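Chemist: This is the structure I want to talk about, given as structure tokens.
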Amino acid sequence: MRDSGFTEQEARIIENVNNAVNDYPYIKDRPSEHWATREEFITGEKGRDCEDFALEKARRLIDVGFSDKRFNIWIVELWPDYYHAVLVIDEKLVLDNRYSYVYLLTQGKWEQLMRIAQFNL
């Protein structure tokens, strides 16, 4: 996260949240697409997929004092007809459940399809 413009403390918090949430196993949504509440994310009862990881990371960052105005969830196309959700902070950093590290937005190798700027956590 060097050269990201984030303080050392912010970077450490972001990395810790990313790793803690990524420790949960991925579970495909059942029976259909569902955006999980915090409780549903923890239990995995209705699934736990990419948008659920992005939402939970945003919730935890808000819990420690980050403003929700700093976040967007991006729906991206990784390859034809394969879509994925990631959390983007300040249009600079990407928190992605596929990786144990946080990376710069400019390092993403996908096409942005949709940005969700406001969401109810």
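Chemist: Within 16 Å of GLU15 (Cα to Cα), of a type in the set (Lys, Arg), in contact (Cβ under 8 Å) with a residue 40 or more places away in the chain and surrounded by fewer than 20 Cβ atoms within 10 Å (Cβ to Cβ): does that describe ARG115? Steps first, answer last, please.
Modeler: Details: within 16 Å of GLU15 (Cα to Cα): no; of a type in the set (Lys, Arg): yes; in contact (Cβ under 8 Å) with a residue 40 or more places away in the chain: yes; surrounded by fewer than 20 Cβ atoms within 10 Å (Cβ to Cβ): yes.
Spelling it out, it is not the case that ARG115 is within 16 Å of GLU15 (Cα to Cα), of a type in the set (Lys, Arg), in contact (Cβ under 8 Å) with a residue 40 or more places away in the chain and surrounded by fewer than 20 Cβ atoms within 10 Å (Cβ to Cβ).
Chemist: Can you name the residue in segment 67-99 that is at pLDDT below 90 and of a type in the set (D, E, K, R) and, of all such residues, is farthest from CYS50 (Cα to Cα)?
Modeler: Only one residue tops the list, namely ASP81.
Chemist: Can I ask one more? What residue, among those in segment 39-54 that are without any contact (Cβ under 8 Å) to a residue 40 or more places away in the chain and part of a helix (DSSP H, G or I), is surrounded by the fewest Cβ atoms within 10 Å (Cβ to Cβ)?
Modeler: Checking each candidate, the answer is GLU39.
Chemist: If a residue counts only when it is of a type outside the set (Phe, Trp, Tyr) and touching a helix residue (DSSP H, G or I) at 6+ places or on another chain (Cβ under 7 Å), which strands (runs of 3 or more DSSP E) contained entirely in segment 55-121 have at least 2 such residues?
Modeler: It comes to 82-89, 93-95.
Chemist: Moving on to the next point. Does any residue of segment 79-89 turn out to be out of contact with any Ser or Thr (no Cβ under 7 Å at 6 or more places or on another chain), touching a residue at least 60 places away in the same chain (Cβ under 8 Å), surrounded by 16 or more Cβ atoms within 10 Å (Cβ to Cβ) and closer than 18 Å to SER4 by Cα?
Modeler: Yes, there is a match, as at least one residue in segment 79-89 is out of contact with any Ser or Thr (no Cβ under 7 Å at 6 or more places or on another chain), touching a residue at least 60 places away in the same chain (Cβ under 8 Å), surrounded by 16 or more Cβ atoms within 10 Å (Cβ to Cβ) and closer than 18 Å to SER4 by Cα.
Chemist: Within segment 2-30, track down each residue that is surrounded by 10 or more Cβ atoms within 10 Å (Cβ to Cβ), within 16 Å of the chain's Cα centre (by Cα) and assigned to a loop (DSSP other than H, G, I, E, B).
Modeler: TYR24, TYR26, listed by residue number.
The values are calculated or read from the model by the stated rules, or taken from the named source; none is laboratory data. All of these numbers come straight from a predicted model, not from anything done at the bench. Counting neighbours? That spans all protein chains shown, and the Cβs are built from the backbone with ideal geometry, glycine included.
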